[in-house]
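The values are calculated or read from the model by the stated rules, or taken from the named source; none is laboratory data. Everything quoted here is computed from the prediction, not taken from an experiment. A quick note on method: Cβ atoms are made from the backbone with ideal geometry, for glycine too, and the neighbour counts reach across all protein chains shown. For the accessible areas, the whole protein counts, side chains as well, though only heavy atoms, and no ligand, DNA or RNA atoms are used. Shrake-Rupley method; radii C 1.70, N 1.55, O 1.52, S 1.80 Å.
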Amino acid sequence: MIRINDNEFNELVRYIKTQYGIDLEKKRVLIEGRLASVLAEKKCNTFTDYINILKRDRTGTEVTLLLNKVTTNHTFFMREPKHFEYLKSTVLPEYEKTHLQKVFHIWSAGCSAGAEAYTTVMTLYDYFGAKKSSWDTRITATDISESVLAKGRAGIYPVDMIKDVPIAWRNQYFKQVDKDNVQIIDKLRKEVEFKTLNLMENFRFLKKFQLIFCRNVMIYFDQDTRTKLINKFYDVLEPGGYLFIGHSETIPRGTTKFEYVMPAIYKKVEK
Ligand SMILES: C[S@@+](CC[C@H](N)C(=O)[O-])C[C@H]1O[C@@H](n2cnc3c(N)ncnc32)[C@H](O)[C@@H]1O
């Protein structure tokens, strides 16, 4: 396996950190291991050769491939179910009472292949039932990785990823593609718009969101990057809106204006 020297390692780590917020400082072994096949495929003899390819590429393809290798896109349906229970038991009833415009826009930030976004759509159908069509419930799902976004758009998943989905939902919202794969039905696929977005950039959304999911994404970022990102989420949420983060993640007290509701749930309460 090709070893990465200190200069190459520092250059690569600095580049990924400044462009994507991802902190690979302690991931030297992971970088060498996961990029071994990429270097071989590109016939690079050193990491310097590879870094030069990265620098020359203006299409973003090379860096996307790199990010796919060094981050994990692991996701599945009904992950961290407490969020979906809370959405159904508290958030949606609250909005139904107060939001007379019947608008509920959701952002799944760092959506990976879309399981989180589609689980949310199923929860919306489950809650609203026949009233669903009178609500504007758009879902924007974003990621830096094009390959996971393509999977999300196709909506095809190995059956293993839906093992926690209740049987009734499986029957209603998935069709069998072959013995190993299922596909989200078209009605649900149309509800989610998948887009490329690097969370390190400035957000340019035309409307505010009522709910943002950013779960199991900030684990890659250092505290300063996380705090900046959480404050950017605050700005694009409507007052009264919610932020759901991963259950292994926390927002340190006093670093943002969000109000703590319960583990992994925060609210924008403007006083
Ligand atoms: C482990 S997955 C989490 C998926 C989903 N939120 C969940 O909890 O199941 C993390 C995702 O964050 C994305 N990600 C990492 N850094 C990002 C960045 N700077 N901007 C946008 N997405 C990013 C990765 O590409 C990956 O798909």
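Loop-resident trypsin sites (Lys or Arg not before Pro) (DSSP state other than H, G, I, E or B) in segment 63-124 with no more than 14 further Cβ atoms inside 10 Å of their Cβ: LYS102.
Mean-square fluctuations from a GNM of the chain, with a 10 angstrom spring cutoff on Cα atoms, peak among ALA150, ALA168, ALA141 at ALA168.
Count charges around TYR234 for me, please; just the other residues with Cβ under 13 Å from its Cβ, Lys/Arg as +1, Asp/Glu as -1.
On the way: positive: LYS208, ARG226, LYS228, LYS232, LYS257, LYS267, LYS268; negative: ASP235, GLU238, GLU259, GLU270.
Summing Lys/Arg as +1 and Asp/Glu as -1 gives +3.
Comparing ASN52, ILE31, GLN19 along the charge dipole axis of segment 6-70, the residue lying farthest to the positive side is GLN19, per the Cβ-charge model.
The residues of segment 6-70 have, on average, 57 Å² of accessible surface per residue, using a 1.4 Å probe with all protein chains present.
Relative contact order for segment 134-183 using alpha-carbon pairs under 8 Å, separation at least 6, rounded to a whole percent? Don't jump to the answer; show the numbers that get you there.
Working: 25 pairs, mean separation 17.5, N = 50.
With pairs under 8 Å counted, the relative contact order is 35 percent.
Computed over the chain, relative contact order equals 17 percent, with contacts defined as Cα pairs under 8 Å that lie 6+ residues apart. Shape verdict for segment 6-70, please, from the Cα gyration tensor: rounded (a/c under 1.5), prolate (a/b greater than b/c) or oblate. Rounded. For segment 74-192, the solvent-accessible area works out to 45 Å² per residue, with a probe of 1.4 Å and every protein chain left in place.
Evaluated with a Cβ-only charge set (Lys, Arg +1; Asp, Glu -1), segment 8-154 carries a dipole of roughly 120 debye about its Cα centre, given to the nearest 20. From helices alone, the chain scores -12000 deg cm²/dmol at 222 nm; the rule is -39500 (n - 2.57) for each run of n ≥ 4 DSSP H residues, then divide by the residue total.
Taken about its Cα centre, the chain carries a charge dipole of about 440 debye when Lys and Arg each add +1 at the Cβ and Asp and Glu each add -1 at the Cβ. Taking label points 7 Å from Cα along the Cα-to-Cβ direction, GLU193 and ASN7 give a separation of 4.7 nm.
Given +1 on the Cβ of Lys and Arg, -1 on the Cβ of Asp and Glu, and no further charges, what dipole in debye does segment 6-70 carry about its Cα centre, rounded to the nearest 20? Could you put the intermediate results ahead of the total?
Numbers: 12 positive and 10 negative charges, 28 e Å.
Using only the charged Cβ atoms, the result is roughly 140 debye.
For segment 132-148, the residues whose amide N sits under 17 Å from a probe point set 7 Å from the Cα of THR59 along the beta carbon direction are 145-148.
Distances between placed amide hydrogens fall under 5 Å for SER108 paired with THR140, ALA141, THR142, PHE213, all partners being 5 or more residues away or on another chain. Of the peptides 52-63, 107-118, 240-251, the ranking by mean beta-carbon count within 10 Å, highest at the top, reads 107-118, 240-251, 52-63. Placing one equal scatterer on every Cα of the chain and applying the Debye formula, the log10 ratio I(q)/I(0) at q = 0.07, 0.08, 0.12 Å⁻¹ is -0.28, -0.37, -0.79.
The amide H of GLY114, built 1.01 Å from its N in the peptide plane, has no neighbour under 5 Å, considering only residues 5 or more places off or on other chains. The apolar share of the surface of the chain, taken as the fraction of accessible area on carbon and sulfur atoms (1.4 Å probe, ligands and nucleic acids excluded), comes to 52 percent. Here the extension length gained between ASP136 and LYS179 equals 12.0 nm, from 0.36 nm per residue of separation less the Cα-Cα distance.
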